[in-house]
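Structure first, then comments.
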Amino acid sequence: HNVLRTKYFTGLPEMVVNYFQFVAREVREILAALGVRGLADLIGRTEYLAPIAGATAKQRKLNLAPILSTAGLSPADPQFCTTASNAPFDKGELAERMVTDMREAIETRAGGRWRYEIRNFNRAIGARISGLIARHWGNYGMEEAPLVVELSGSAGQSFGVWNAGGLHLYLEGDANDYVGKGMAGGEIVIRPRAAEKYVWHQNVIVGNTCLYGATGGTFFAAGWAGERFAVRNSGATAVVEGVGDHGCEYMTRGVVVILGHVGKNFGAGMSGGLAFAYDEHNALAGRINPQMVSVERLNNEEEVASLKQLVSVHEKLTGSPHARALLESWETAISRFWKVVPHSVTPDAPKQVYTFDTTKMPIAV
């Protein structure tokens, strides 16, 4: 800042003060000419505005009526924010109801099953439940007595954030960004509504940056995820049916399986974990970040069997037609899978082989 002041402004601070005093005086003069006392009285007063003729034929075609509209407000209606903050609406009712319904089941470690409708303004749903679990039993203390929550609708941002072990969220619908952000355990399963007619594995079902910084748990989505899927994933296991650009960015641990399209720059900064991608059109090699990862075909029978088991779990939990089709023609499908391996693994280190671990695969449905 000192460099900018000395290089581009050679005057004194008093000169700046004097300049803004002149600006303030001119503003007061304009307000007085309009017959209003202050800027607050001018907000929304579109009657003081008038369009001028455009300088060009194209400009003269502009219809400025929507900008000059009062949007149905009367002069008596507030034209700007008049309260310090709005009452919270995004988490309140649904989150409070979930806490009320589940508190005893958490405190007594009884588990149970609940069902709710969810809207896209319901954000961070599951966070308060995970907090209660962690406060009473730690992040993984209710894995033996899970809370099964079935939801229907569109979830707002951060659905299943910090998901604790023992919390199983099943959503029929879709979700916004940051699903499973920081999740520690449990399970998140998302599938389209039964009435949907589109092809599931060709459409987006969750937003960007899902599983950001996750440390554990399992995630299944019958559709595409947005960009930066599993960024900084450090322990979660996930199956999705397509991802946008920058998938598995900065991933350090965990397993990600993609049953379809992979966007560009896959594996940028990926220093650990494994990814598997079904590459029907043989395009993956040109979309990975070659500075960080490489691809190889699967030739270990145990790993192939483990991958098939994980895809089977995905099909069971989501009902995915695409996963079912792959399983029905597995011998052909497996020849189109790539294994994505980080370069950070030293040449003399044992080769990473994925094995299906049932103890880390909670299935409550």
Original post:
Among the residues of the range 95-113 satisfying the criterion of being of a type in the set (A, V, I, L, M, F, W, C) and surrounded by fewer than 15 Cβ atoms within 10 Å (Cβ to Cβ), which is nearest to residue 169 (Cα to Cα)?
Top reply: 99
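Take the residues in the range 131-160 that are crowded, with 23+ Cβ neighbours inside 10 Å and of a type outside the set (Gly, Ala, Ser), then tell me which one is nearest to residue 243 (Cα to Cα). Step through it out loud before you land on a result.
Initially, the range 131-160 is screened for residues crowded, with 23+ Cβ neighbours inside 10 Å, giving 133, 142, 147, 149, 151, 155, 158-160.
With the extra rule that they be of a type outside the set (Gly, Ala, Ser), the set shrinks to 133, 142, 147, 149, 151, 159.
Values: 133: 31, 142: 31, 147: 29, 149: 26, 151: 23, 159: 18 Å.
Going through the qualifying residues, I end up with 159.
Could you look through the range 227-246, keep only residues that are open to solvent by less than 10 Å² (accessible area, probe 1.4 Å) and more than 20 Å from residue 333 (Cβ to Cβ), and pick out the one that is farthest from the chain's Cα centre (by Cα)? First the steps, then the outcome.
Within the range 227-246, the first condition is being open to solvent by less than 10 Å² (accessible area, probe 1.4 Å), and the residues that meet it are 229-231, 233, 236, 238-243.
Subset that is more than 20 Å from residue 333 (Cβ to Cβ): 229-231, 233, 236.
On the way: 229: 8, 230: 10, 231: 10, 233: 13, 236: 15 Å.
Here the answer is 236.
What number of residues in the range 300-329 are under 18 Å from residue 196 (Cα atoms), touching a residue at least 12 places away in the same chain (Cβ under 8 Å) and in contact with a helix residue (DSSP H, G or I) (Cβ under 8 Å, 6 or more places away or on another chain)?
Pass one, the range 300-329, residues under 18 Å from residue 196 (Cα atoms): 315, 317-324.
With touching a residue at least 12 places away in the same chain (Cβ under 8 Å) added as a condition, the list becomes 315, 317-323.
Those still in the list that are in contact with a helix residue (DSSP H, G or I) (Cβ under 8 Å, 6 or more places away or on another chain) too: 315, 320-323.
The qualifying residues number 5.
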Original post:
Within the set of pairs 6 or more residues apart or between chains, which connect a residue that is more than 13 Å from residue 303 (Cβ to Cβ) and at pLDDT 70 or above inside the range 344-365 to a residue that is hydrophobic (A, V, I, L, M, F, W, C) and not in a loop (DSSP other than H, G, I, E, B) with Cβ atoms less than 9 Å apart?
Top reply: 361/310; 361/313
**OP:** Answer with yes or no whether residue 140 is closer than 28 Å to residue 226 by Cβ and not in a helix (DSSP H, G or I).
**Re:** no
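Could you go through the range 244-253 and let me know if any residue there is farther than 16 Å from residue 342 by Cβ and modelled with pLDDT of 95 or more.
Applying the first criterion (farther than 16 Å from residue 342 by Cβ) to the range 244-253 yields 244-245.
When the remaining residues are screened for being modelled with pLDDT of 95 or more, the result is 244-245.
Checked against the condition, which is being farther than 16 Å from residue 342 by Cβ and modelled with pLDDT of 95 or more, the range 244-253 yields at least one hit.
Each row is one residue, and each column tells you yes or no for (1) open to solvent by 60 Å² or more (accessible area, probe 1.4 Å); (2) farther than 26 Å from residue 82 by Cβ.
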{"residue": "22", "(1), (2)": "yes, yes"}
{"residue": "31", "(1), (2)": "no, no"}
{"residue": "35", "(1), (2)": "yes, no"}
{"residue": "38", "(1), (2)": "no, no"}
{"residue": "45", "(1), (2)": "yes, no"}
{"residue": "50", "(1), (2)": "yes, yes"}
Original post:
Of all residues in the range 176-188 being open to solvent by less than 10 Å² (accessible area, probe 1.4 Å) and under 14 Å from the mean Cα position of the chain (by Cα), which is nearest to residue 204 (Cα to Cα)?
Top reply: 179
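The values are calculated or read from the model by the stated rules, or taken from the named source; none is laboratory data. Not measured: the values here are computed from a predicted model. Positions of Cβ are backbone-derived with ideal geometry, glycine not excepted, and every protein chain shown enters the neighbour counts. For the accessible areas, the whole protein counts, side chains as well, though only heavy atoms, and no ligand, DNA or RNA atoms are used. Shrake-Rupley method; radii C 1.70, N 1.55, O 1.52, S 1.80 Å.
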